[in-house]
Amino acid sequence: MEETLHLKSADETLNLASSLIKYLPIPSIITLNGNLGAGKTIFAKGLAKGLNIKQDVTSPTFNILKCYFDGNVPFYHIDAYRLEDSQNKDIGLEEVIDGNGICVIEWPNYIKEIIFDDLNIDIQIISLNERVFTFKSENKKYEQVFTYLEGLKNVL
Ligand SMILES: Nc1ncnc2c1ncn2[C@@H]1O[C@H](COP(=O)(O)OP(=O)(O)OP(=O)(O)O)[C@@H](O)[C@H]1O
Ligand SMILES: [Mg+2]
């Protein structure tokens, strides 16, 4: 399954991510690819908003993992950037990745050995405020997400 969306501002990205929550199964694994400043963390903030998380979701670069338990379901935010050159990636991330909530992962390529059945999102920077989001998954569990995205293309 594959869908592409053109989002023209950070707010559009926030709102889209927030609206996706309704269509995500538990557990869900969302991997985000895209250059520095593409909008991976903005997308994660939108998911958190959709889960009614009140805490501010900030980039977890210095923590690798941040957990939020004050929303509708547990929300795990991983930024694997610092694991690029790490030999020891066995730090227990598997438990939250395939856990009891929604897990979003920035820089997933650095830990791809431990990621399965994800919904992958690739973000391309078009201009200052424009991004092209490409959603892909081989897993049927995300089918509702794709049906929703397909419907949106007629209104955006
Ligand atoms: N359409 C858009 N969608 C998302 N972000 C946008 C958009 N237009 C502009 N932006 C801006 O781009 C920046 C994206 O920053 P963000 O921290 O989300 O990037 P990132 O991909 O997480 O980067 P990093 O790899 O450093 O973690 C924000 O300043 C945001 O306001
Ligand atoms: Mg980020």
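Within the stretch 24-40, identify whether any single residue is without any contact (Cβ under 8 Å) to a residue 60 or more places away in the chain and either in contact with a strand residue (DSSP E or B) (Cβ under 7 Å, 6 or more places away or on another chain) or more than 13 Å from ligand 1 (Cβ to nearest atom) (or both), and answer yes or no. Can you show your working first?
So in the stretch 24-40, the residues without any contact (Cβ under 8 Å) to a residue 60 or more places away in the chain come out as 36.
When the remaining residues are screened for being either in contact with a strand residue (DSSP E or B) (Cβ under 7 Å, 6 or more places away or on another chain) or more than 13 Å from ligand 1 (Cβ to nearest atom) (or both), the result is none.
No, that holds for no residue.
Can you confirm whether residue 145 is within 16 Å of ligand 2 (Cβ to nearest atom), at pLDDT 90 or above, β-branched (Val, Ile, Thr) and under 19 Å from residue 25 (Cβ atoms)?
No: the conditions fail for residue 145.
Any residue in the stretch 117-132 that is away from ligand 1 (no atom under 16 Å from the Cβ) and farther than 16 Å from residue 33 by Cβ? Spell out the reasoning first.
We begin by selecting, within the stretch 117-132, every residue away from ligand 1 (no atom under 16 Å from the Cβ); these are 117-119.
Then drop every residue that is not farther than 16 Å from residue 33 by Cβ, which leaves 117.
Within the stretch 117-132, one or more residues are away from ligand 1 (no atom under 16 Å from the Cβ) and farther than 16 Å from residue 33 by Cβ.
Mind listing just one residue for me: the one in the stretch 76-92 that is within 21 Å of residue 41 (Cβ to Cβ) and in contact with a helix residue (DSSP H, G or I) (Cβ under 6 Å, 6 or more places away or on another chain) and, of those, modelled with the lowest pLDDT?
Ranking the candidates gives 84 first.
Out of all the residues in the stretch 132-152, which are touching a helix residue (DSSP H, G or I) at 6+ places or on another chain (Cβ under 8 Å) and farther than 17 Å from residue 18 by Cα?
137
The values are calculated or read from the model by the stated rules, or taken from the named source; none is laboratory data. Since we're looking at a predicted model, the values are computed, not measured. Every residue, glycine as well, gets a Cβ built from its backbone with ideal geometry; the counts of neighbours run over all protein chains shown.
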